[in-house]
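Structure first, commentary second.
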Amino acid sequence: MSLKKFALIISFISCLTAPAFAQRDTVSLNTIIAKTAKYALSFPIEKVYLHLDKPYYSAGDTIWFKAYVTVDKHLPTTLSSIVYVDISNQDSIVQLVKLPVVNGVAHGDIILAPGNYKQGNYHLRAYTAWMRNFDSDYFYNKNITIGNAIQDAVNTDIAFSSVAGQPKVSAAITYKQPGDVLAGKKVNWSVTNATGDEISKGKGTTNQNGVLSIVLNENANVSLKNALLTTTIELGNRKESLNKFPLTAATAERDVQFFPEGGELTLGVRSKVAFKAVSANGLGLDVKGTITDNTGTVIANLESQHLGMGVFAMLPEDGKTYKANITFPDGVKTTYDMPRIKPAGITLAVYNNDPENLNVKLSANDPYFKANQGKGYYIIAQNAGIIYFAAQTTLDNQSYSATIPKSKFPTGIIQLTLFSERGIALSERIVFIKRNDMLNLSLTADRKAFSTRQKVKLSLSAKNNTLPVEGEFSVSVIDESKVPYDENAETTIMTNLLLTSEIKGYVEKPNYYFISKDANADANLDILMLTQGYRRISYRNILTAKYPQIYLYPEQQGLEIVGMLRNNTGMPMAKGNLRLQIPGKKIYAETMTDMTGNFKFPKLSFPDSSQVVISARNNPNSRNLMISVTGDSYQPATKNINALDEVANIDSSLKTLLINSKRQYENLHILKEVVIKSTSLVKKPSHTDYGTLSALPAMADQALSGERFKECNNLFQCLPSMLLGVSVDENLLYFTKNMSNTNRMPIQIFVNGKPVDYSYLGSLRGADVETIEVFKSDGLSSINQNYQSDGIISIITRKIQTSKITFAQLQDMLPKGNLLTYNAQGYSIPREFYSPKYDPLKQGAFGGDLRSTVFWSPKIKTDKTGATSFEYFNSDGKGNYRATIEGMDADGNLGRYIFRYTVK
């Protein structure tokens, strides 16, 4: 029976009409719509997507990116004017950049200095201040793998072995140097969990093939999931090479989960049940099996369709229980209990195989129908709190069905929810709507064949259907022979803004659902919708007015400097005059404090690490005034939700890029013959220069040159990520191996021989550092006993040249409360991508241009004709080049296009 008694009500837009529904308005439905609309208006959803020049990098590279910041229907944001991009390693921020957002876009870069970026997997994030009020899972999150062929002279490869059902897990690590295996070398290793607690450790020696065998885990109660294996191999003369390996793939744990459509199985109602099987590394695992009842009768067969996911149908019967009998690819068989069955209920089913319509079906079993016959029910379909469809009916029959035109919805995820007349969400389903309404982009070249170092001109055409559009785009051209990549696993403007930013949890190979020519791709996407939890909008919270707590407001006026003006008794000063100046930048501003002494300098724009001077001298009794500034707050490092993308064997997986990176580095660092006329030994500063630290061991356990910190603007942020085996907890530093100890003691920090708190490092820049030494033992001193510490960090700053000054000069140097000078974090200044220009008549030596990113531009804009063009020169690499262009127009329409050509 068709659903003829549904009425369509859309909030703030014209009412929908459909033949299957009859109008009937109720206050309850209007209340749900009004409260949902109020929520969407009060808490708009911002998103950030980064278009990167390539998917992975080597140390010495630069990450070039363009940020697309959207709100609501992917429109260029008008909410935030600043975007933050940071990169972290485990629990420490390595680098952070702040960029201005203009018309919804920004662009910048992150230099991967070899000294700062050890080989490993890093977490790249992008977000606005407003987004920080909500779950960090909805930030732009991406795993970035960085190889280091410059500093890591040792190549490694790790393989795991285990027996299913047994906790014992072994690892075999092969150590090599170019042209030779590292046999007979001593190796120290340790395993730490996600919180930094040491699970196990040991020592070993590589065999004649350079292989070290390790038993990682013999305790069934200890999980290696999200754990990290760290090894240090001794190379002689105290040289050591450190390598880290994620252990996600090490365990024998496998799992199968079941997801009934609508949320629960209901007795007597035939339902679709999706399932997902994952292997030890958390990735999809293809399985086969059967569903049997308690009599042993097979009631359904199942088999994975894509990446371990599949779907089957079953009809739960009274008095029966059900099990899933699963067979894994290696022949191991496991039995799982099926989800519980509701004795009475109503379910929502959606069929998305019709290109024009969504088919919706409500099914109530007999006990539920008898108890609720004649009561009202509602269906609401929304995305990001924007309601696109709403309808109501009364429960007059056990089964209803209807069609909803897909033209009502935009491309992307739609959440359909079935409500009782009391506003209780009973069943829920998400679907992905494909409207084929993406921008039509195309790139064409000025010739068919290309040679190395030849000039290339590409023309861009952008259309919405057949109409030309003005838009903002970015383009990357890479040499695919140096950067091979699985296109199905790519992060794109479509996969991010339309899919992964809308649902929580990891999505494996998201681009498959957008580019695959597989006839079952859309069906597999619908199975993904069934297996992926979705609760970005909680109706329970909306209807009970439990709104998110807002502690950061949108930054709509650019950079701001805020603070308070007080007198020398600490009382706030109302109506006080303040003047701001940034010397050398010709930036001046004036403001006045409010009645509580607070002040704000809005709409500022200045580069990072600018010296800011704030004066309160233009006030009566100004000598008795004090200025304080509220510093920037930072988003702490968060868990990498895409940790399953981490690469364990970086040396082999990134082999072509790392070989090329090594060649580039050698080309730039060819030693030339020099004549040494005289020599002089300059004593390097060390802890022995300070009496307090002189009894420490002569050799530090770690010693780092200040050069490694020169890109660091705040030592408080950078230091933990630069030190080995050190973690942060509640503004104290600890050795990671001690983090699990209940009686642990922190590391004591000394700056130029004086004890300081960890928070003191916020006042130091990396450029101020001469050297940093780390000691696990306090030697013959009694520092650990005196300071109740476990370990010492000695930081020595660069010496400042001194000269005699007059008394008047000394007075000028003394701090004055009515004058405040400090370094403020402004906008990072984007660099221009260097694209060489070759003269065909004056070709130099070939083979030297080894760029993997051949061209990058974040400033591609089409005019009213929907067209533009750009030019660049090929490098010396031969093979396939790939040009990728992405972007959007002013109406939030997204587009992406890939153009390939061959260089001979």
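The values are calculated or read from the model by the stated rules, or taken from the named source; none is laboratory data. These numbers were taken from a predicted model, which means no experiment stands behind them. Glycine also receives a Cβ, built like all others from the backbone with ideal geometry; neighbour counts cover every protein chain displayed.
Across the range 533-559, the qualifying residues are those that are surrounded by 15 or more Cβ atoms within 10 Å (Cβ to Cβ) and modelled with pLDDT of 90 or more, and the one among them that is nearest to Gln382 (Cα to Cα) is Pro554.
Considering only the range 45-57, I want to know if a residue exists there that is among the hydroxyl-bearing types (Ser, Thr, Tyr), assigned to a strand (DSSP E or B) and within 23 Å of Pro602 (Cα to Cα). Checking the range 45-57: not a single residue is among the hydroxyl-bearing types (Ser, Thr, Tyr), assigned to a strand (DSSP E or B) and within 23 Å of Pro602 (Cα to Cα).
Considering the conditions (1) touching a residue at least 40 places away in the same chain (Cβ under 8 Å); (2) in a strand (DSSP E or B); (3) not polar (S, T, N, Q), Val269 is excluded by exactly one of them, (2). With respect to the conditions (1) modelled with pLDDT of 85 or more; (2) within 27 Å of the chain's Cα centre (by Cα), Asp197 lacks only one, and its number is (1).
Of all residues assigned to the range 29-37, none qualifies as being over 24 Å from Ser420 (Cβ atoms) and modelled with pLDDT under 90. Of the strands (runs of 3 or more DSSP E) that lie entirely inside the range 700-772, those containing 3 or more residues that are more than 26 Å from the chain's Cα centre (by Cα) and not basic (Lys, Arg) span 702-705, 748-751. Taking helices (runs of 4 or more DSSP H) as the structural unit, those lying wholly within the range 498-600 and holding at least 1 residues that are more than 26 Å from Asn143 (Cβ to Cβ) and among the β-branched types (Val, Ile, Thr) correspond to 539-543. With respect to (1) surrounded by fewer than 20 Cβ atoms within 10 Å (Cβ to Cβ); (2) modelled with pLDDT under 95, the lone exception for Gln119 is condition (1). Hey, among the residues in the range 170-189 that are under 7 Å from Gly210 (Cβ atoms) and over 33 Å from the mean Cα position of the chain (by Cα), which one's surrounded by the fewest Cβ atoms within 10 Å (Cβ to Cβ)? Within the range 170-189, the match that is surrounded by the fewest Cβ atoms within 10 Å (Cβ to Cβ) is Ala183.
Residues are listed down the side, and each one gets a yes or a no for (1) over 29 Å from Gly60 (Cβ atoms); (2) at pLDDT below 75; (3) over 33 Å from the mean Cα position of the chain (by Cα); (4) outside the structural domain of Val751 (by TED's automatic domain parsing):
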position	(1), (2), (3), (4)
Val647	no, no, no, yes
Thr656	no, no, no, yes
Leu671	no, yes, yes, no
Pro685	no, no, yes, no
Tyr690	yes, no, yes, no
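For Tyr368, state whether it is closer than 21 Å to Lys272 by Cα and assigned to a helix (DSSP H, G or I). Yes: the conditions hold for Tyr368.
Scanning the range 300-334 for residues that are surrounded by 15 or more Cβ atoms within 10 Å (Cβ to Cβ), hydrophobic (A, V, I, L, M, F, W, C) and free of Cβ contacts under 8 Å to residues at least 60 places away in the same chain turns up Ala300, Leu302, Phe312, Met314.
Table: residues versus (1) closer than 30 Å to Ser653 by Cα; (2) touching a Gly at 6+ places or on another chain (Cβ under 7 Å).
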residue: Leu443; (1), (2): no, no
residue: Asp446; (1), (2): no, no
residue: Lys455; (1), (2): no, no
residue: Leu458; (1), (2): no, no
residue: Ala462; (1), (2): no, yes
residue: Pro468; (1), (2): no, yes
residue: Phe473; (1), (2): no, yes
residue: Ile478; (1), (2): yes, no
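Looking only at the range 728-759, residues that are in contact with a helix residue (DSSP H, G or I) (Cβ under 8 Å, 6 or more places away or on another chain) and more than 22 Å from Leu696 (Cα to Cα) come to 3 in all.
Of all residues in the range 463-497, those satisfying the criterion of being surrounded by fewer than 20 Cβ atoms within 10 Å (Cβ to Cβ) and of a type in the set (S, T, N, Q) are Asn464, Asn465, Thr466, Ser481, Asn488.
Of the residues that make up the range 372-393, is at least one assigned to a strand (DSSP E or B), more than 24 Å from Ala34 (Cα to Cα) and either at pLDDT 95 or above or in contact with a strand residue (DSSP E or B) (Cβ under 8 Å, 6 or more places away or on another chain) (or both)? Working first, answer last.
Quick first cut of the range 372-393, residues assigned to a strand (DSSP E or B) only: 376-383, 386-393.
Still in the list and also more than 24 Å from Ala34 (Cα to Cα): none.
No, the conditions are met nowhere in the range 372-393.
In the range 865-904, which residues are loosely packed, with under 15 Cβ neighbours inside 10 Å and within 31 Å of the chain's Cα centre (by Cα)? Selection gives Asn880, Ala890, Asp891, Arg900. Per the conditions (1) of a type outside the set (Val, Ile, Thr); (2) in a strand (DSSP E or B); (3) closer than 28 Å to Asp318 by Cβ, the sole criterion not satisfied by Leu441 is (3).
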